[in-house]
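Have a look at the structure below, then the notes.
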Amino acid sequence: MKVPYACGSQEHLLARRGFLGTVAAGAGAVVGGLNVFSESQAMAELASEQKRVVVFNMHGGLSQLESWDPKPGTDTGGPFRAIPTSVPGIHISELLPLTAQQMQHLCLVRGVNTSEDDHGKGAYMMLHGRRQTPASDYPTLGAVVARTVTPADPSLPGHIVVTPGGSGGRGNDAAYLGPRYSSITLGNGQPPQNTERPGALTPESDAARHDFRRKINERFLNRRRTAVADAYAYSYEQALSLMQKREIFDVSKEPAADLERYGTHDFGRMTLLARRLLENDISFVQVSHSNYDTHNENFNFHLEQVAEFDRSFSAFVADIATRGMLDSTLIVVLSEFGRTPNINQYYGRDHWSRAWSVVMAGSRVARGAAYGKTNANGTAVEDGQVDHANLFHTYLQAVAVDSSNSFDINGRELPFADPSSHGIPEILT
Amino acid sequence: MPLDIKQAAVVNDWAHDRPLTCCRFDRQHRYVFCGAQDAGLHRFQLSDGAKVTFSGGHETWIRALTSTLDGNQMLSGGADGKLAWWDVAAADATAKPVRVIEAHKGWIRCLDTHSGGTLIASAGNDGMVRLWNAADGALVREFKAHDRDIYCVAFHPSGEFVFSGDLMGQLKQWKVETGELVREFDAKELHSYNGGQQVDFGGVRGIAVSPDGKFLAAGGLYKATNPLGAVHEPLVQLFEWESAKLAKSQVADDIKQGVLWRLQYLADGTLMGVDGGGNGGYLIFWNSEGEKDIHRFQLPNLARDMDLSPNGLHVATAHYDKHVRITRLGPA
């Protein structure tokens, strides 16, 4: 006999799909929380083709002047020159010679003004599309994409963060969407923690214990079916699937020649991993590149860091394009803010959010374009000013999600993106 | 005037309109030339401070300067990889460089003039050391010296060797005649890697040989607890010439935010370093006996480069506050 959910709501009948816990210690054991939500319109917005999003997070604050919006020859320009790109009329920093050859795929958004110079607050705004307030928390772009773009009941998580350092595990970044959409962190690009069967456990005995668990679960569910129990059982099955597909997270399976092209440094390896994950239909991958918080010797550090980025990123964009994935993949390069036009006494640049750049590519984003304009020495936006909320809407719209829609969370409508803002139609095709 | 560092005093102070990056006297001691955060070469006449800005040599910042031995020409190395020759005594700002060559891929970070006057050494981000004919700009010799950016290049006073030091604290001695590597000095204390910030930092920023030939000094920074935030301290690694062993690590107590941008020896064997950082600008002096400085002279502003005059009694310093200053190393 099936026992109805306590409230008997339709929402709860769907709740088992809204749950995924953390892959915990042991043989893929999963512990998670409950996320209750209605059959939202989001799933209906799934495009016929699987969409994907990859975000390159230039941690610390990439200098727009040493990357996408150079101002050579001005008092703020620094020592680097601007170089032409594959798109006539668009110039970027000489630190990006390889990326310049991929400009036909890219869209530079040069008029970003987020008016927030604090690392934590700026990062929150750029990844959540809204300011954090004491009374509310919002899901990250990765969680929203995983929720709105990932097919129902995926065998793999839809929200992956690849970052230097860190031990791996589950993030806490999905807010009211629940842990199913929280990120799984691949620290140093390593596969998720605890996804290998312990050596002491034979495949046969492992299978037997899972069979036993399923039987017990089934017996329990037949008598006392609840959302929590359903979700608990589901999360075990996804963890098992993740263990079986562990190789997807193993970048060493990629050809050595590709790693050479991407660069043998950590960022090259992690960017190649991002390609591998996207090719295996992970909906959202975020790769961090650290560190750009260059209050001291900005130019030396950008020489070092941007050269790494240029090699890996250009190879990635070229591969996504040549493999026919660009129409279905949104690529974003962002930071928490840019860096001051003023060069300080240490040859450094400080935090600057009033006139900086974000780059997008793929999916519905205009290609070979530069939108927005800063003034001659880069201190202010002159044309096409946008902020974090505009960008967040645009990211979603680029992957065919109606950003004006809302999640239905326990009967509360919670907008995908800041309802007081809108996307940037000029850069969407 | 006798040399007396304890009576050092700023005697001239001339302003440009952009922060300065480097400075050198001409060897006839008529002018001091400066690079700045612009593409010009700026000449200040020592007698009255009259400034002339020359253009046409570089597309972007000048990072390195050296005078020819006869003092008739000044060479500038730019972040554009170009090496330019200029007539020191050109009449006015309309003068263009004598020649400009594409010398390096990426920044030229350092130049030096051979004691025989015939060669100029250049080095930069491409890891190459190149030796040029000072008279006609012909490439005489080149060799791949380092895998990472070369921060400093300097000839041995004998003219037999040239040194190169890089970001990673590698300090190498080469034969000028052949480009053959002679030996390496272990200056890795001048390099740091910050795992949290994921950056290589530091490097060999100054190289000098003592007048008696007994020591090779390499300068830069250490204790880089926050490279991106300019928290690091000045450091000299003093090597015995014969053995290439580290003789002393020389420090400057209480300067918690600084880096040595250049080292030079005074005629009496005192080592002088120019320091710039969060604690301001200093000329710091060491003898070969101790680890701590024997004297320091605080400059009015953070310094980025220095040059000892041909008579050994004056120091020019290039500053962030757009000024070039002349400090006298002795009584008035």
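Values in this text are rule-based calculations from the coordinates and carry no lab data. Please read these numbers as outputs of a predicted model, since none were measured by experiment. All Cβ positions, even for glycine, are placed from backbone atoms using ideal geometry, and neighbour counts span all protein chains on display.
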Cα centroid separation - the range B:88-163 against the range A:378-396, whole Å:
45 Å
Dipole moment magnitude, nearest 20 debye, the range A:351-428 about Cα centre, only Lys, Arg, Asp, Glu C-beta charged
240 debye
Using only alpha carbon pairs under 8 Å that are at least six residues apart, calculate the relative contact order of chain A and give it in whole percent.
29 percent
For chain A, with a Gaussian network of springs between Cα atoms less than 10 Å apart, report the residue from A:Asp117, A:Asp408, A:Asp75 with the top mean-square fluctuation.
A:Asp75
Estimated dipole of the range B:222-269 in Debye, rounded to 20 [Cβ of Lys and Arg +1, of Asp and Glu -1, Cα centre]
180 debye
Beyond 19 Å, what share of the Cα-Cα pairs of the range B:1-142 remains, rounded to the nearest whole percent?
49 percent
The long-range amide H neighbours of B:Asp126, using H built 1.01 Å from N in the peptide plane and a cut-off of under 5 Å, are B:Lys105, B:Ile150
Sum up the charges of everything whose Cβ sits under 12 Å from the Cβ of B:Ser309, counting Lys and Arg as +1 and Asp and Glu as -1, but leave B:Ser309 out.
+2
Report the net charge of residues surrounding B:Pro19, where surrounding means a beta-carbon distance below 10 angstrom and charges are Lys +1, Arg +1, Asp -1, Glu -1.
-1
Once the Cα gyration tensor of the range B:257-322 is found, what semi-axes does its equivalent ellipsoid get, as square roots of 5 times the eigenvalues, in whole Å, sorted largest first?
19, 15, 8
Taking a spot 7 Å from the Cα of B:Met1 along the direction of its beta carbon, which residues of the range B:49-73 have an amide N less than 15 Å from it?
B:49
Using 1/(1 + (r/R0)^6) with R0 = 51 angstrom and r between the beta carbons of B:Arg99 and A:Glu196, what's the FRET efficiency to the nearest 0.05?
0.20
Highest-MSF residue in chain A out of A:Glu218, A:Glu196, A:Glu336 [GNM, Cα springs under 10 Å]:
A:Glu218
Collect residues whose amide H, placed 1.01 Å from N in the peptide plane, falls under 5 Å from the amide H of B:Gly159; neighbours closer than 5 in sequence don't count.
B:Ser115
Taking only pairs that are 8 or more places apart or on different chains, how many Lys pairs in chain A have Cα atoms under 23 angstrom apart?
4
Simple spin-label estimate for B:Glu160/B:His29, 7 Å along Cα→Cβ, in nm, reads 3.0 nm
Taking only the Cα atoms of the protein assembly as shown, how large is their convex hull per residue, in Å³?
173 Å³
Rounded, prolate or oblate for the range A:118-165? Axes are the square roots of the Cα gyration tensor eigenvalues, ordered a ≥ b ≥ c, and the cut-off for rounded is a/c under 1.5.
oblate
Under the classification rounded if a/c is under 1.5, otherwise prolate if a/b is larger than b/c and oblate if not, where does chain B fall, given a ≥ b ≥ c as square roots of the Cα gyration tensor eigenvalues?
rounded
Taking θ = phi - 60°, what integer Hz values does the Karplus form 6.51 cos²θ - 1.76 cosθ + 1.60 yield along the range A:137-147, in sequence order, with x for Gly and Pro?
9, 10, x, 6, 3, x, 5, 5, 5, 4, 6
Report the equivalent ellipsoid semi-axes for the range A:293-429 in whole Å, largest first, defined as the square roots of five times the eigenvalues of the gyration tensor built from alpha carbon atoms.
30, 21, 15
Env charge @ B:Asp268, Cβ radius under 12 Å, K,R +1 / D,E -1, value -2
Once phi is turned into ³J(HN,Hα) by the Karplus curve 6.51 cos²θ - 1.76 cosθ + 1.60 with θ = phi - 60°, what whole-Hz value does each residue of the range A:410-417 show in order, with x for glycine and proline?
6, x, 9, 8, 10, x, 4, 9
Restricting to Cα pairs under 8 Å and 6 or more apart, the percent relative contact order of the range A:317-359 works out to 36 percent
Which angle from 0 to 90°, rounded to the nearest 10, does the C-alpha axis of helix A:203-224 make with the longest principal axis of chain A?
70 degrees
If N is the residue count of the range B:91-229, its Cα Rg over 2.2 N^0.38 Å rounds to 1.13
Dipole of chain A [Lys/Arg +1, Asp/Glu -1 at C-beta], most positive-end residue of A:Gly378, A:Asn410, A:Ala257
A:Asn410
Measure out, as a whole number of angstrom, how far apart the alpha-carbon centroids of the range B:192-226 and the range B:246-322 sit.
14 Å
Taking the range A:159-209, the whole-percent share of alpha-carbon pairs separated by over 13 angstrom is 63 percent
Magnitude of the charge dipole, chain A, Cβ model with Lys/Arg +1 and Asp/Glu -1, debye to 20:
1320 debye
Among B:Gln28, B:Gln264, B:Gln237, whose mean-square fluctuation peaks in a Gaussian network model of chain B (Cα, cutoff 10 Å)?
B:Gln28
With the Cα gyration tensor of chain A in hand, convert its eigenvalues to equivalent ellipsoid semi-axes via √(5λ) and list them largest first in whole Å.
40, 24, 18
Working from Cα positions, state the angle (0 to 90°, nearest 10) between the long axis of helix A:388-398 and the longest principal axis of chain A.
60 degrees
Could you tell me whether the range B:222-332 comes out rounded, prolate or oblate from its Cα gyration tensor? Rule is a ≥ b ≥ c as square roots of the eigenvalues, rounded for a/c under 1.5, then prolate if a/b exceeds b/c, otherwise oblate.
oblate
Past 19 Å, Cα to Cα, is the threshold; run B:Lys214/B:Lys248; B:Lys105/B:Lys144; B:Lys82/B:Lys105; B:Lys82/B:Lys175; B:Lys144/B:Lys245 against it and keep the listed order.
B:Lys82/B:Lys175; B:Lys144/B:Lys245
How much FRET efficiency would the formula 1/(1 + (r/R0)^6) give for A:Arg246 and A:Asn217, where r is the Cβ-Cβ distance and R0 is 25 Å, rounded to 0.05?
0.60
Place +1 on the Cβ of every Lys and Arg and -1 on the Cβ of every Asp and Glu in chain B, take the dipole about the Cα centre, and give the residue among B:Phe54, B:Ala318, B:Trp86 whose Cα lies farthest towards its positive end.
B:Phe54
Past the 19 angstrom mark, what percentage of all C-alpha to C-alpha distances in the range B:118-177 do you count?
23 percent
Straight-line reach from B:Lys188: which aspartates and glutamates fall under 17 Å, measuring Cα to Cα and dropping same-chain residues less than 8 apart?
B:Asp147, B:Asp149, B:Asp166, B:Asp200, B:Glu233, B:Glu240
Projected onto the charge dipole of the protein assembly as shown (+1 at Lys/Arg Cβ, -1 at Asp/Glu Cβ, origin at the Cα centre), which of A:Phe56, B:Leu3, B:Gly206 gives the Cα projection farthest towards the positive end?
A:Phe56
